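The values are calculated or read from the model by the stated rules, or taken from the named source; none is laboratory data. All of these numbers come straight from a predicted model, not from anything done at the bench. Counting neighbours? That spans all protein chains shown, and the Cβs are built from the backbone with ideal geometry, glycine included.
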Amino acid sequence: MNLMHKSAYYYELPERLIAQTPLEKRDCSRLFVVHKDSGEFEHKRFFEIESYLNKGDCLVINDTRVIPARIFGKSERHAGEVETVLLKRSDVPGVEEWECLTRPGKKTKVGEKIFYPHGLTGTVVDVLDGGVRKIRFECEGIFLEVLEKIGTMPLPPYITKKLDDQERYQTVYAKIKGSAAAPTAGLHFTPELLKKLEDKGVVIARVLLHVGLGTFRPVKEEEITRHKMHSEYIKVTPEAAEVINKAKQNGGRIFAVGTTCTRVLETVADENGVMRPFEGETDIFIYPGYRFKAVDALITNFHLPESTLIMLVAAFAGYDLTMAAYNEAVRQEYRFFSFGDAMLLL
């Protein structure tokens with residue numbers, strides 16, 4: 001098996017195991033525990049994760065908040081609706097310029113104006129790699145407030161049921177607006193569970209990655225090393241770096257909630273796993289052969305076959321153990337993907 005080939009990360013998944021709706025209680029999802037050293041599997045409920053963290057361990061969460069990034073408008077050049085998904089804000093000061101996906105894509109050309117509800121107008125200013133459009137938006141008032149009025153949550157295409165409560169696609173600690181998708185590993189936590197962990201002496205560090213195309217863009221090249229990750233905005237504050245470093249110095253383990261936190265930590269850590277404050281971009285692509293510097297345990301959901309996310313998990317837990325765990329999860333009928341169950345790899 002060539003681990004540099006995309007096809008190595010394929011597994012069979014019955015469609016009925018793709019979770020269409022979140023559970024009524026977040027922390028009642030199932031938890032598949034994978035012990036890396038022994039290869040042992042355990043089957044638990046998510047609220048039981050408390051027993052795997054000890055006093056002095058550090059839980060790292062991504063406090064990004066999903067914006068209602070899917071909007072629909074009318075083109076000035078052709079008939080029909082233009083679906084626009086905002087992915088990432090450009091760093092042009094004083095201008096609302098975003099990298100976006102549009103449908104239909106090929107018809108959306110440079111110079112085209114798109115008219116959205118509530119007086120919002122978008123002008124296509126550039127076409128980037130992978131068909132991504134750079135669109136400059138103009139409106140009366142505050143852009144994100146207009147977006148809240150006209151936008152919907154950009155749920156993944158495999159979720160076909162309408163989400164009645166939009167907050168269920170946010171973590172309970174979501175704070176800083178900017179993501180085009182939820183960091184789904186965090187969806188299982190409740191305020192009560194987080195408080196239990198803190199009462200136990202687990203410290204919590206907040207980092208930031210605004211989820212964009214880099215996280216969920218499919219791998220199209222068979223040779224995975226040819227896959228180009230789109231960059232995403234990340235931030236580690238001095239306070240977060242200090243909390244993580246102190247926990248590690250005192251012998252605590254670093255539990256990353258999700259692949260987003262993992263990518264932040266591994267981007268920012270030096271060779272000894274020491275964090276420094278950082279604000280900028282990451283395009284880190286983690287696949288087997290990568291040497292982890294900061295993360296000791298990973299909490300994550302079940303990911304799509306042949307995705308960069310399952311490749312990251314295989315890098316962390318080992319390829320054979322990861323694929324065995326996924327096949328066992330299918331046999332045990334776990335719920336998969338964004339609204340599905342969770343894994344703990346430690």
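Quick check on my filter: what residues within the stretch 247-286 are in contact (Cβ under 8 Å) with a residue 40 or more places away in the chain and more than 22 Å from LEU345 (Cβ to Cβ)? Selection gives ASN250, ARG276, PRO277, PHE278, GLU279, GLY280, GLU281, ASP283. Considering the stretch 228-246, the residues that are in a helix (DSSP H, G or I) and among the charged types (D, E, K, R) include one that is surrounded by the fewest Cβ atoms within 10 Å (Cβ to Cβ), namely GLU239.
Starting from residues that are among the β-branched types (Val, Ile, Thr) and assigned to a loop (DSSP other than H, G, I, E, B), keep the ones in the stretch 127-172 and report whichever is surrounded by the most Cβ atoms within 10 Å (Cβ to Cβ).
If we filter the stretch 127-172 for residues that are among the β-branched types (Val, Ile, Thr), which is where we start, we get 127, 132, 135, 142, 146, 150, 152, 159-160, 171-172.
In the following step, the residues that additionally are assigned to a loop (DSSP other than H, G, I, E, B) were identified as 132, 142, 159-160, 171-172.
Working: VAL132: 21, ILE142: 10, ILE159: 17, THR160: 9, THR171: 24, VAL172: 16.
Among residues in the stretch 127-172 that are among the β-branched types (Val, Ile, Thr) and assigned to a loop (DSSP other than H, G, I, E, B), the one surrounded by the most Cβ atoms within 10 Å (Cβ to Cβ) is THR171.
From the list ALA256, ALA314, exactly one residue is in a strand (DSSP E or B) and either of a type in the set (D, E, K, R) or within 19 Å of ASP341 (Cβ to Cβ) (or both). Which is it? ALA256 is the lone residue from the list that is in a strand (DSSP E or B) and either of a type in the set (D, E, K, R) or within 19 Å of ASP341 (Cβ to Cβ) (or both). Only one of the listed residues (THR184, THR160, THR171) is farther than 29 Å from GLU50 by Cβ and among the β-branched types (Val, Ile, Thr). That residue is THR160.
Selection within the stretch 228-258: residues that are out of contact with any His (no Cβ under 7 Å at 6 or more places or on another chain) and modelled with pLDDT under 95. The member of this set that is farthest from LEU53 (Cα to Cα) is LYS228. Looking across the stretch 82-125, just one residue is farther than 17 Å from LEU213 by Cβ and in contact with a Pro (Cβ under 9 Å, 6 or more places away or on another chain), and that is VAL82.
In the stretch 74-107, of all residues being in contact with a helix residue (DSSP H, G or I) (Cβ under 9 Å, 6 or more places away or on another chain) and not basic (Lys, Arg), the one that is nearest to THR152 (Cα to Cα) corresponds to LEU86.
Restricting attention to the stretch 173-210, the residues that are touching a strand residue (DSSP E or B) at 6+ places or on another chain (Cβ under 7 Å), among the charged types (D, E, K, R) and not in a helix (DSSP H, G or I) add up to 3.
Taking THR225, is it of a type outside the set (D, E, K, R), assigned to a helix (DSSP H, G or I), surrounded by fewer than 20 Cβ atoms within 10 Å (Cβ to Cβ) and in contact with a Phe, Trp or Tyr (Cβ under 9 Å, 6 or more places away or on another chain)?
yes
Scanning for something touching a Pro at 6+ places or on another chain (Cβ under 6 Å) and within 15 Å of THR259 (Cα to Cα), does the stretch 296-310 turn up at least one residue?
Going residue by residue through the stretch 296-310, those that are touching a Pro at 6+ places or on another chain (Cβ under 6 Å) are none.
Looking for residues that are touching a Pro at 6+ places or on another chain (Cβ under 6 Å) and within 15 Å of THR259 (Cα to Cα), one finds none in the stretch 296-310, hence no.
Of all residues being surrounded by 14 or more Cβ atoms within 10 Å (Cβ to Cβ) and of a type in the set (S, T, N, Q) in the stretch 272-300, which is nearest to GLY56 (Cα to Cα)? Just the residue, please. Residue satisfying both the conditions and the ranking: THR300. Scanning the stretch 283-328 for residues that are of a type in the set (Val, Ile, Thr) and in contact with a Lys or Arg (Cβ under 6 Å, 6 or more places away or on another chain) yields a count of 1.
Can you work out which of the residues in the stretch 227-266 that are among the hydroxyl-bearing types (Ser, Thr, Tyr) and under 18 Å from the mean Cα position of the chain (by Cα) is nearest to ASN62 (Cα to Cα)? Per the criteria, the residue is THR260. Give the residues of the stretch 323-346 that are of a type outside the set (A, V, I, L, M, F, W, C), farther than 21 Å from LEU23 by Cα and either without any contact (Cβ under 8 Å) to a residue 60 or more places away in the chain or touching a His at 6+ places or on another chain (Cβ under 7 Å) (or both), sorted by residue number. None; the set is empty.
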